Each structure stands twice: as C-alpha cells, then as structure tokens.
Amino acid sequence: MSLSNALSYLTVLPIPFKKHIPLNRSVHFFPLVGAGMGSVLVLVFLSMKALLPGYLACIATVVVLEGMTGGIHLRAFAELIDGRRTFPGSGFAPKAEYEWKGIAAVAFLFFLKVNGLAHTRPDWQPFAVLLTPILGRSSQALGIIFSRHRLKSAKTLPDPAVKRRRKRALFFTTALLFSMLLFPWRSALILIAEYFVLMLASYRFLNTRMEGLTVQTLGTVAELAEAGFLATTSALS
C-alpha cells in the first residue's frame, strides 16, 4: 500500500492515492522510485540520441522526465511562484490556474535543465540522466523527514512504523548517492556538496516563508535539485 502511494504521488501512473495512509509511510520508497525513473530515462535518452540531434534528444529526455510525474512538480513550482499553497496529503487544488510569473518561471527552469544536459560531456550524460530523478525524489523524501509539518499536532505520539521507514529512506538515499562515483571523484564531491547546499537552503527558506512544509515546496525543491545538478554537471564539463 505504501508503495502504491509513493507511485501515485511521484509518477503519472493511474494508481489511486489512499488518503487514509499517511505519506510518511511511503517515504522510504521515494529514492527507489527515483532509481526506477532514472533507469527508464537512460534508455529513453540513448534511444533519442540515436534518432535525433543532440539538443533535440535532450529536450525529448527532459519532456519525458516531466511527463513521468505528470508535470506535477512543474505545477508545484508555478503555484509557489504565483503564491498558492496546499499541504502534504491534501494534494493540489482541483483546478490548475497559472499566472504569467509561474509560466515564465517554469519555462526558465525547463530551459535550464535542457541546456545543462545538452552541455554536459557526452560520456557523462547517461550518468546525469540516471541521477537526476534520483536526486529529485530523494530531496522530497528528505524534505518530508526533516521539515516542520504545519498540520502535525505537537501532541501526536511518534509512529514506530514511520520511524523505521524514515531510517530506510535515509539508507536508500545514502546508498544511491554512491552512484555519484560514476563521475570522477572530485566532480562527484562537488556535485554532492552542491546538491545538499541547494536543497537545505531551499527548504530552509521556503519552509520559513510558507510557515511549514507544503506540496508546492516539495515539488519546487525537487525541480531545483534536478536543475541545479544538471547545471553543475554542465559547468564541470
């Protein structure tokens, strides 16, 4: 059940979200879902690269990445820029409404991802494609674990099952981050440092601004983690 909630929340798969099961009970699957998405995305990227010019292959790969999530993280980013918020477990508002600021921000973020991937060294590109969704989903897991939840009562007793799942999420995230060693070790250290600095700074700023964790914050930090990673691989190239 917790796996189905993770897939429903993180991907476009038509799996009903079970609202009676807290999202905290699915958090350990987030990095693993990211690994599955990354594996599929590598196959897509290699296929696109064989069929299309390099830049178009990068555009197609980023489109597929966003399509895997149904565009929900881009929607979260747009809504955050436009000033809207909802809380984890409640989902988005029924109707999507975007202002010009949110649309412009999404367009810039999409360009940043495509440009970062396109200007990454060709021998690094498959590794970057594999790791991008892993980092995005892991950042959401870490956000749920360590952020303050506005709707959580201070009198609520800790749930042992949730504590176990959080430990597993941290273990899976740490294990998957060793995939950074696909890059040269100096570059890997820079990429890991960039990831954690950007993620922590983003959560700290947005959680303070939103007075607690929101759906928009989770989606935005995932998008920033992915875009920042691709921009850094491009710069290191």
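Below, the figures for the structure above:
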quantity	calculated
Tally of Lys pairs whose C-alpha atoms are under 30 Å apart, taken over the chain, 8 or more apart or cross-chain	18
Under the Karplus curve 6.51 cos²θ - 1.76 cosθ + 1.60, θ = phi - 60°, whole-Hz ³J(HN,Hα) for segment 63-74, x wherever Gly or Pro sits	4, 5, 4, 5, x, 4, 9, x, x, 5, 6, 5
Diffusion constant of segment 171-220 at 20 °C, which comes from Stokes-Einstein with the Kirkwood Cα-pair radius and 1.002 mPa s, µm²/s	174
Rg to Rh quotient for segment 104-226, alpha carbon positions, Kirkwood Rh	1.01
Ratio Rg/Rh, restricted to the chain and using Cα atoms, in which Rh is the Kirkwood radius	0.95
Percent accessible area from carbon and sulfur atoms, the chain, protein chains only, probe 1.4 Å	69
Sites residue 237 and residue 178, calculated FRET efficiency, Cβ-Cβ separation with R0 22 Å, nearest 0.05	0.55
Stretch gain in nm, segment residue 193-residue 161, where the contour uses 0.36 nm per residue and the Cα spacing is subtracted	8.4 nm
Cα gyration tensor shape for segment 7-86, rounded if a/c is under 1.5, else prolate or oblate	oblate
Accessible area of residue 190 in the full protein assembly, 1.4 Å probe (Å², nearest 10)	90
Packing rank of 30-36, 201-207, where each peptide gets the mean count of other beta carbons within 10 Å, highest leading	30-36, 201-207
Calculated [θ] (222 nm, deg cm²/dmol) that DSSP helices of n ≥ 4 give over the chain, each run adding -39,500 (n - 2.57)	-23500 deg cm²/dmol
11 Å beta-carbon shell around residue 228, net charge (K/R +1, D/E -1)	-2
In degrees, nearest ten, helix 215-236 long axis to first principal axis of the chain (Cα)	20
Accessible area (Å², per residue) of the chain, counting only protein heavy atoms and a probe of 1.4 Å	48
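The values are calculated or read from the model by the stated rules, or taken from the named source; none is laboratory data. Quick caveat, the model's predicted, so the values are computed rather than measured. Quick reminder, even Gly has a Cβ in these numbers, built from the backbone with ideal geometry, and neighbours come from all protein chains shown. Remember, those area values only see protein heavy atoms, side chains included, never the ligands or the DNA or RNA. Shrake-Rupley method; radii C 1.70, N 1.55, O 1.52, S 1.80 Å.
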